[in-house]
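I have placed the structure first, in the form of structure tokens, so that the comments after it can refer back to it.
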Amino acid sequence: MLNKIILMGRLTREPELRTTQNGISVASFTLAVERDFQRGEERQTDFIDIVAWRGTADFVHKYFRKGQLVAVTGRLQSRKWEDKDGNKRTSFEVVTEEVHFAEKKQDSPNYGAPPPAGASPQRAQQDESPPFRLDAPATFAELDDDDGELPF
């Protein structure tokens, strides 16, 4: 069987981090994913619930912010539950395998915004570093070629 989801969208809110009774991190967030559209049609957006576990949950909580463009791979999972009125319900969510940045840091809507409460001060310090630029001049020095032999 094959159950593979690949999505790219914007976070609709800050990722929420919780811990299970066993001490396992779990983060939940929602992605706004636009559907393809034809000329003359109105754009439609799907709001998809995402769940990340363990190290991925910690990573998402630490580095991702509301409005940021994110790429997610994972699997679709359904949960059956009962609401407060006793009605049976089914929810669908994507359980992540991988989460990636999908835009440059300075293109993010919240670039330069202070980190949320609970984020490490190290993250704020990292955000102040200048971004890597592909058009920056190379600062590499050429090494002397002793006898043309490679060291491996």
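Only the coordinates and a few stated rules stand behind these numbers; no lab work does. This is a predicted model, so every value here is computed, not measured. Note that each Cβ is placed from the backbone with ideal geometry, even for glycine, and that neighbours are counted across all protein chains shown.
A few remarks follow.
- Restricted to the stretch 58-96, and to residues there that are touching a residue at least 40 places away in the same chain (Cβ under 8 Å), assigned to a strand (DSSP E or B) and among the charged types (D, E, K, R), the residue that is nearest to THR20 (Cα to Cα) is GLU93.
- Count of residues meeting criterion [under 13 Å from VAL70 (Cβ atoms) and either touching a residue at least 60 places away in the same chain (Cβ under 8 Å) or surrounded by 14 or more Cβ atoms within 10 Å (Cβ to Cβ) (or both)] in the stretch 6-31: 13
- Looking only at the stretch 46-102, and only at residues there that are loosely packed, with under 11 Cβ neighbours inside 10 Å and of a type in the set (Gly, Ala, Ser), the one that is nearest to the chain's Cα centre (by Cα): GLY55
- Taking the listed residues ARG43, ARG13, the one that is within 14 Å of the chain's Cα centre (by Cα) and in a loop (DSSP other than H, G, I, E, B) is ARG13, with no other qualifying.
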